[in-house]
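The values are calculated or read from the model by the stated rules, or taken from the named source; none is laboratory data. These numbers were taken from a predicted model, which means no experiment stands behind them. Here Cβ is always computed from backbone atoms with ideal geometry, including for glycine, and neighbour counts include all displayed protein chains.
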Amino acid sequence: MKYAIVIPDGCADEPQESLGGRTPLQAARTPHLDALARTGCVGRSNNVPSSLTPASDVATLSLFGYDPLECYTGRAPLEAAARGIRLGPQDWAIRCNFVSIEDGLMRDFTAGHISSEEARELIGKLAPVLGREGIEFYSGVGYRNLLIWRSADGGPFHAETRTQPPHDIPDQPIADYLPRGPGADLLVTLMHRSRDVLAEHPVNKARRQRGQRPATQIWLWGLGQAPRLEPFASRYGFKGVILTGVDLVRGVGALLGWEVLDVPGVTDYLDNDYAAQGQAAVEALREADLVCVHVEAPDEASHEGRLDAKIAALEAIDEHIVGPLRKQMPSYGEWRILVSPDHPTPVRTRAHAHGFVPWVIAGSGVASGGFFAYDEVQAAGSCHCFDPGWQLMARFLDRDFLFSAVGES
Ligand SMILES: [Zn+2]
């Protein structure tokens, strides 16, 4: 059996007035997804426990069959794994965004989608000023950079240290969302000091001249120590490959022991090369048991409040990723596909949300459940409901399981 998992990040949404009460998934033209729904099974799952912040780190762990309440230690350690940065057992990894603050408000958690080259220059300037023994800055992809805090005794932070994901406070006053708890003052000091270092930097001057948002400061969040995850192959018995433009998701894959495939043109934004990603996934399945294709674009469209961009992203995923997989996989023998977002990201709030996401499973051994489309409404009416969501993976992989014959609670 060959398995494919397609993750349209954040695609789950609400009915839209401007779409005549339909959700973006319902409004998008997705013939391949709907064909999977007609021949297979649609359901819903809850990937984010209420005690954790809804984001791709927690939600993809669930989607891949791991209980985040047991294994999640924070977002940054997963990204460090993606970058090949080794964390000692007492060290802390901390996400270091470049952000644009105006009048004390979080105007842009991406600093105007600052490029990786620009970010590298800014990190190069910050490191010698703010870094010291045991504090290391690492540039990453665009606005997503890392700070590693080496520690001999597990301090100065603690599991109780609370930080705020900047993408969930659009246009909010940052003073209300600064780090709290053990070691928080150290993080706040670094964030404040970064303002002076960045203010007159040539990269920011040039951005202002081009009419782009400057990176006014760093925003530190998502800290955590290295998680211990049982490899996917030993837990579920299959070797995986993952294709994604997002460091965080790469890191989850790497920690599960999956091969992380770099595909030119695959990005974490709306300019993603869907066709290249889809073709690479089809090719990778010749060798691998399981291929996971993660596409960030629908989530980014939601963060920007762009309904049309979200629909366009969903249609591109259907045409260039789900379509080729659906056509090619049967030629490899037995096959099964799962399409599911990690978490909802409503266009209305422009932020990640808790709640159910719709999934569709089709392929060998999956009987038709009488569904006619892949969307939130079909999923809500289905008897297939996984809460907690991490239990879905074992079912998906179970070759003997006749999916629609059993109603889960
Ligand atoms: Zn997001």
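Quick notes
- 1 or more residues aromatic (F, W, Y): qualifying helices (runs of 4 or more DSSP H) within region 1-101: none
- Any chance E315 is away from the ligand (no atom under 16 Å from the Cβ), of a type outside the set (F, W, Y), surrounded by fewer than 23 Cβ atoms within 10 Å (Cβ to Cβ) and in a loop (DSSP other than H, G, I, E, B): no
- Test for A119: is it crowded, with 20+ Cβ neighbours inside 10 Å, at pLDDT 95 or above and under 14 Å from G224 (Cα atoms): no
- Out of A184, A175, one residue alone is out of contact with any Asp or Glu (no Cβ under 9 Å at 6 or more places or on another chain), at pLDDT 95 or above and closer than 30 Å to R348 by Cβ. It is A175.
- If only residues of region 298-312 that are away from the ligand (no atom under 13 Å from the Cβ) and small (G, A, S) are counted, the one that is farthest from V6 (Cα to Cα) is A309.
- Of the residues examined, L325 is one that is under 27 Å from R399 (Cα atoms) and either within 16 Å of the ligand (Cβ to nearest atom) or not in a loop (DSSP other than H, G, I, E, B) (or both).
- Here G237 passes the criteria (1) of a type outside the set (A, V, I, L, M); (2) within 16 Å of the ligand (Cβ to nearest atom); (3) assigned by TED's automatic domain parsing to the domain that holds A297 except the one numbered (2).
- Residue identified as aliphatic (A, V, I, L, M) and either within 16 Å of the ligand (Cβ to nearest atom) or on the phi > 0 side of the Ramachandran plot (or both) among V266, V260, V295: V295
- Scanning region 271-282 for residues that are surrounded by fewer than 18 Cβ atoms within 10 Å (Cβ to Cβ) and touching a residue at least 40 places away in the same chain (Cβ under 8 Å) yields A275, Q279.
- If you check S62, S18 for being modelled with pLDDT of 95 or more, of a type in the set (S, T, Y), surrounded by fewer than 24 Cβ atoms within 10 Å (Cβ to Cβ) and touching a helix residue (DSSP H, G or I) at 6+ places or on another chain (Cβ under 9 Å), only one passes: S18.
- Scanning region 166-183 turns up no residue that is more than 14 Å from S100 (Cβ to Cβ), more than 16 Å from the ligand (Cβ to nearest atom) and of a type in the set (V, I, T).
- Criterion violated by A276 - all others in (1) within 23 Å of Y374 (Cβ to Cβ); (2) assigned to a helix (DSSP H, G or I); (3) more than 17 Å from the chain's Cα centre (by Cα) satisfied: (1)
- Residue count, region 30-58 (criterion: among the charged types (D, E, K, R) and more than 19 Å from G10 (Cβ to Cβ)): 2
- S56 in contact (Cβ under 8 Å) with a residue 12 or more places away in the chain, surrounded by fewer than 24 Cβ atoms within 10 Å (Cβ to Cβ) and polar (S, T, N, Q): no
- Restricting region 351-368 to residues that are surrounded by fewer than 24 Cβ atoms within 10 Å (Cβ to Cβ), among the aliphatic types (A, V, I, L, M) and within 16 Å of the ligand (Cβ to nearest atom) leaves a set whose member that is farthest from S340 (Cα to Cα) is A351.
- Counting the residues of region 42-59 that are of a type in the set (S, T, N, Q) and at pLDDT below 95 gives 3.
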